[in-house]
Amino acid sequence: TPPVVTAPANLTLERCDTTIIGSSGYFPFSLTNTTITQAEFLAAGGIIFDASTISNVTYIDTISGTCSKVVTRVFTITDACNNTTQAIQTFTIEDTIDPEITTVASDLTVECDGNGNTDQLNAWLAANGGAVASDACSDPIVWTNNYSELSNLCGKTGSATVTFTATDDCGNYSTSVGTFTIEDTIDPEITTVASD
């Protein structure tokens, strides 16, 4: 009769890779068969019932997915009469933490050039789309913005408030807002003066 076995409880851990399993006090992630003691298995929350003594306890891991990662751990318990039972524990490793924006978007006000200040606008969008953000699980961070067009206030002037979004590999995101403004503060130049 094979042993009657219950695996330790399934767990969900916050992190981005399998090292969190070992560093959280559980048996380290292993893609090869790893031997542990019966006492270690029981201390981890497993249960074994068998009429004879247990001669061997091993586990091996497989991993699937990206966000979330799922580690399937198969324990194999063998008794003194060479009967075996397998029991499965799963670890779900999740990244739910938003990127941290360490340099926020800047505001920029420029003097109207009569053509929408396209070069300055594009440079501003590029600079803020490369603002600094960090994430424990993703590199690089993907930056996007919701810029569409300037609101026309007076001729070729206007203002656009743009939300810049930093997104990690698992879809977590943080935002920063900046405003691009084109203003006209220069008086007209009279090139032909009034005559008497």
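The values are calculated or read from the model by the stated rules, or taken from the named source; none is laboratory data. Model, not experiment: these values are computed from the prediction. Virtual Cβ from ideal backbone geometry, glycine too; neighbours counted across all protein chains shown. Surface accessibility is based on the protein's heavy atoms, side chains included, excluding ligands, DNA and RNA. Shrake-Rupley method; radii C 1.70, N 1.55, O 1.52, S 1.80 Å.
Odds and ends about this structure:
- Residue list for the stretch 43-64, restricted to those being without any contact (Cβ under 8 Å) to a residue 40 or more places away in the chain, farther than 14 Å from F29 by Cα and buried (at least 17 other Cβ atoms within 10 Å of the Cβ): A44, V57
- Positions within the stretch 15-33 being out of contact with any helix residue (DSSP H, G or I) (no Cβ under 6 Å at 6 or more places or on another chain) and surrounded by 12 or more Cβ atoms within 10 Å (Cβ to Cβ), in sequence order: R15, C16, D17, T18, T19, I20, I21, G22, S24, Y26, F27, S30
- Residue in the stretch 102-119 that is within 30 Å of V4 (Cβ to Cβ), modelled with pLDDT of 90 or more and in contact with a Leu (Cβ under 9 Å, 6 or more places away or on another chain) present: no
- Residue list for the stretch 161-171, filter: touching a residue at least 24 places away in the same chain (Cβ under 8 Å) and either open to solvent by 20 Å² or more (accessible area, probe 1.4 Å) or assigned to a strand (DSSP E or B) (or both): V162, F164, A166, T167, D169, C170, G171
- Q86 meets each of the listed conditions (1) open to solvent by 30 Å² or more (accessible area, probe 1.4 Å); (2) of a type outside the set (F, W, Y); (3) touching a Phe, Trp or Tyr at 6+ places or on another chain (Cβ under 8 Å); (4) under 30 Å from D135 (Cα atoms) apart from (4).
- Apart from one condition, L31 fits all of (1) part of a helix (DSSP H, G or I); (2) touching a residue at least 24 places away in the same chain (Cβ under 8 Å); the exception is (1).
- Where I36 falls short, out of the listed (1) exposed (fewer than 15 other Cβ atoms within 10 Å of the Cβ); (2) touching a residue at least 12 places away in the same chain (Cβ under 8 Å); (3) over 30 Å from S134 (Cα atoms): (1)
- A single member of S134, S106, S174 is of a type in the set (S, T, Y), open to solvent by less than 30 Å² (accessible area, probe 1.4 Å) and within 27 Å of the chain's Cα centre (by Cα), and it is S174.
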